[in-house]
Amino acid sequence: MADYYTPTVVEPFIPLSAMLPIERLFLAQAFDEEIADETAYYYSEEGANDLIFMPAGDVRAALDAAKPDTSRLAQKLLEEQPDAILDEDDIELDMCGDLWADVLQDIVRRSPDLDHLTVTMAFTCSKMRVDGFGRVSDYAHR
């Protein structure tokens with residue numbers, strides 16, 4: 001059986017002050033997070049997590065600093081998970097593959113210190129398979 005991977009790196013490091021608490025909570029679940037010098041480095045060896053669980057109490061506390069008009073993540077949580085936010089269980093977010101990109105875009109839009117973020121990804125496979133790699137080139141005899 002073949003295993004598929006999407007190693008991912010987000011650069012440059014993101015200043016902690018540029019992120020809302022809810023965004024940092026989310027990104028730390030979507031990726032691996034390393035903190036150094038008041039910045040966060042996000043990466044993943046296998047690919048961003050599509051299924052995320054966040055404690056409802058942590059989400060409630062983190063949402064206090066967010067406004068739905070400046071954070072698509074906050075807007076999504078408030079619209080789609082209002083009962084779960086008030087509960088004591090974990091909040092489950094499925095299919096987060098597109099949501100993390102929205103979060104990164106919102107951070108750049110608000111931040112005076114960031115003019116861009118670059119996400120570098122590779123699509124690879126544990127076996128030599130035709131569909132197991134990120135770039136396909138067709139060559140034809142002419």
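Structure above, values below:
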| quantity | calculated |
| --- | --- |
| Some residue of the stretch 78-90 being at pLDDT 90 or above and either closer than 17 Å to ASP106 by Cβ or in contact with a Cys (Cβ under 6 Å, 6 or more places away or on another chain) (or both) | no |
| Criterion: at pLDDT 95 or above, among the aliphatic types (A, V, I, L, M) and either in contact with a helix residue (DSSP H, G or I) (Cβ under 8 Å, 6 or more places away or on another chain) or farther than 20 Å from ASP87 by Cα (or both) - qualifying residue of ALA40, ALA56, ALA61, ALA48 | ALA40 |
| Count - residues of the stretch 83-92 that are open to solvent by 60 Å² or more (accessible area, probe 1.4 Å) and under 22 Å from the mean Cα position of the chain (by Cα) | 3 |
| Residue satisfying all of: in the stretch 93-112; open to solvent by 80 Å² or more (accessible area, probe 1.4 Å) and closer than 16 Å to THR70 by Cβ; modelled with the lowest pLDDT among these | PRO112 |
| Scope the stretch 33-52; condition closer than 23 Å to ARG110 by Cα and open to solvent by 40 Å² or more (accessible area, probe 1.4 Å); matching residues | GLU33, GLU34, ILE35, ALA36, ASP37, GLU38, TYR41, TYR43 |
| Where a residue in the stretch 62-91 is within 11 Å of PHE26 (Cβ to Cβ) and its partner, wherever it lies, is in a helix (DSSP H, G or I) and open to solvent by 60 Å² or more (accessible area, probe 1.4 Å), with Cβ under 6 Å and at least six apart | ALA62/PRO21 |
| Qualifying positions in the stretch 35-61 - of a type in the set (A, V, I, L, M) and without any contact (Cβ under 8 Å) to a residue 24 or more places away in the chain | ILE35, ALA36 |
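The values are calculated or read from the model by the stated rules, or taken from the named source; none is laboratory data. All values reported here derive from a predicted model rather than from experimental measurement. For neighbour counting, all protein chains shown are included, and Cβ atoms are generated from backbone atoms with ideal geometry for every residue, glycine included. Heads up: the accessible areas ignore ligands, DNA and RNA and are worked out on the full protein's heavy atoms, side chains in. Shrake-Rupley method; radii C 1.70, N 1.55, O 1.52, S 1.80 Å.
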